[in-house]
Amino acid sequence: MIKRKIMEQKKILIVEDEVIIADDLKNCLSNFGYNVCDIVSSGEEAIIKAAESNLDLILMDIVLNGEIDGITTARHIYDTYHIPIIYITAYSGNDILSKAIKTNPFGYIIKPFKERELYSTIELALKKYLKEKRISSKYKRAVKRYRQTKKFSSLISEELEKLIQNEVVGQSEQITNVLKQAMTAAKYKNTNVMIVGESGTGKEIVARIIHYASERKENYFCVVNSSAIPETLIESEFFGHVRGAFTGALNNKKGFLEIADKGTLFLDEIADMPIRLQAKLLRVIEDKKITRIGGQKQLAVDFRIISATNKDIFKLVQDNKFRLDLIHRLNTMVIKIPPLRERQDDIEPLFAYYVKKISLELKKPVPDIDPTLINNLKNYEFPGNVRELKNIVENALIHCNKPVLEFSDFSIPNLFPVKKELEEDIKKNEDLSLENMEIQHLRKVLEIAGFNQTRAAGLLKISRDSLIRRLKKYKIKIRKY
């Protein structure tokens with residue numbers, strides 16, 4: 001039996017709605033030497049436990065009973081309480097697990113689990129979290145020293161410079177204009193800003209630039225994901241509460257509005273904020289005062305709000321889902337971030353940046369980039385924008401062990417650059433028969449593959465013999481294309 005060297009019993013919460021599996025987990029963890037402080041079966045219960053318990057780790061089932069799933073619960077708990085989370089799931093090869101992994105958990109375990117695998121995953125997660133905590137602690141101590149020696153502003157300037165150099169990668173006129181608007185917004189510390197753009201365009205990065213370039217830079221940048229908080233807990237999370245205000249309120253707690261005092265409150269996905277909270281937020285913006293739930297004392301607050309959305313917020317007003325008077329308070333200045341497909345000049349520098357950055361993170365040699373690869377990527381729409389570009393680069397680098405990164409290293413649906421040509425054909429009313437489209441597609445893939453039949457067959461996910469039969473059928477001669 002595996003037995004943990006007990007220097008300090010780690011407190012673990014199990015979030016699992018299947019009783020038998022939860023009991024098995026508890027028995028295993030107890031045998032390992034961990035302290036299982038509780039078992040809950042819903043996301044709502046998990047959030048309450050995270051708030052009132054000093055937990056070291058949470059084992060979280062992805063599919064849960066209740067209003068919120070395990071992924072949303074995990075994201076909220078880690079963002080708010082910084083408790084490391086390991087996913088447990090019976091789904092090993094579907095979209096649910098892929099979506100969960102994208103939230104960067106500290107590990108995941110597939111049911112049915114093996115004891116040794118469970119133990120090693122937990123120990124690795126605890127070590128990883130301890131390392132991150134030490135780095136964070138060093139950063140906080142550095143900040144404190146700089147405050148004491150009146151050099152804090154130079155540290156913040158470095159943070160701003162790092163954001164601009166490492167996160168705002170691009171050379172297009174559009175991204176340059178976004179950066180100029182952010183620096184303009186930073187000059188006016190009390191002006192509320194709304195950042196509009198599709199998912200993955202970098203709205204939070206722009207918000208951080210505004211904060212760190214402003215007079216509020218020495219105070220807190222408080223990030224709140226409006227869609228990740230259950231409606232039953234949202235008021236407590238925003239306004240805080242006093243001890244005994246409701247069942248489970250064991251201690252006084254500051255809310256986001258109090259934490260952001262003198263700093264910046266970043267409201268991500270503002271369009272998903274419940275209408276009831278919108279009215280209360282509007283009152284706070286007007287009065288600059290809050291009262292904790294269950295409390296009597298009014299507290300003065302001073303913060304700038306930067307909000308972000310990927311939705312048409314005025315359409316939500318028409319649907320009676322968002323208050324127009326609140327929009328007028330939030331969008332004093334609007335910054336629109338164009339999608340990546342509208343700023344193709346940024347694709348190459350972004351791609352090169354992530355190839356280098358992720359290669360170093362993976363401790364792999366930085367590969368060269370096949371010149372034809374960038375042209376192919378420019379014909380892809382990137383519905384997930386910069387975030388998607390980063391993910392496909394990471395996926396390719398994990399599996400690629402060659403000195404040159406090629407188009408065939410990427411497995412992306414609909415990446416073949418035929419869409420724009422198809423649109424042009426429709427405009428010209430050219431032959432759009434299935435046979436003609438297959439001929440055009442074969443020619444294009446051959447060109448991408450450098451007229452190498454084996455590589456072309458790999459891209460098409462067919463055998464080389466099958467490719468040769470098609471070439472003969474359509475009388476496509478390799479040397480002519």
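The values are calculated or read from the model by the stated rules, or taken from the named source; none is laboratory data. Keep in mind it's a predicted model, so treat the numbers as computed, not measured. Every residue, glycine among them, receives a Cβ derived from its backbone with ideal geometry; neighbour counts consider all protein chains shown.
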Examine segment 163-173 for a residue that is buried (at least 19 other Cβ atoms within 10 Å of the Cβ), among the charged types (D, E, K, R), modelled with pLDDT of 60 or more and not assigned by TED's automatic domain parsing to the domain that holds Ile58, and state whether such a residue exists. no
Could we say that Leu281 is over 23 Å from Ala50 (Cα atoms) and either outside the structural domain of Asn320 (by TED's automatic domain parsing) or not in a loop (DSSP other than H, G, I, E, B) (or both) here? yes
Please go through segment 82-105 and give me each residue that is at pLDDT 85 or above and not in a strand (DSSP E or B), ordered by number. His82, Ile83, Pro84
Being over 23 Å from Asn401 (Cα atoms) and crowded, with 16+ Cβ neighbours inside 10 Å narrows it down to one residue among Arg283, Arg323, Arg341, Arg276; which is it? Arg323
Considering every residue within segment 58-73, establish whether at least one is modelled with pLDDT of 90 or more, part of a loop (DSSP other than H, G, I, E, B) and within 30 Å of Ile259 (Cα to Cα). no
Of the conditions (1) surrounded by 16 or more Cβ atoms within 10 Å (Cβ to Cβ); (2) in contact with a Lys or Arg (Cβ under 9 Å, 6 or more places away or on another chain); (3) not in a loop (DSSP other than H, G, I, E, B), Arg208 clears all except one; give me its number. (2)
Selection status of Asp261, assigned to a loop (DSSP other than H, G, I, E, B) and closer than 19 Å to Asn331 by Cα: no
Could you check, for segment 23-36, whether at least one of its residues is aliphatic (A, V, I, L, M), part of a strand (DSSP E or B), in contact with a Lys or Arg (Cβ under 6 Å, 6 or more places away or on another chain) and surrounded by 16 or more Cβ atoms within 10 Å (Cβ to Cβ)? yes
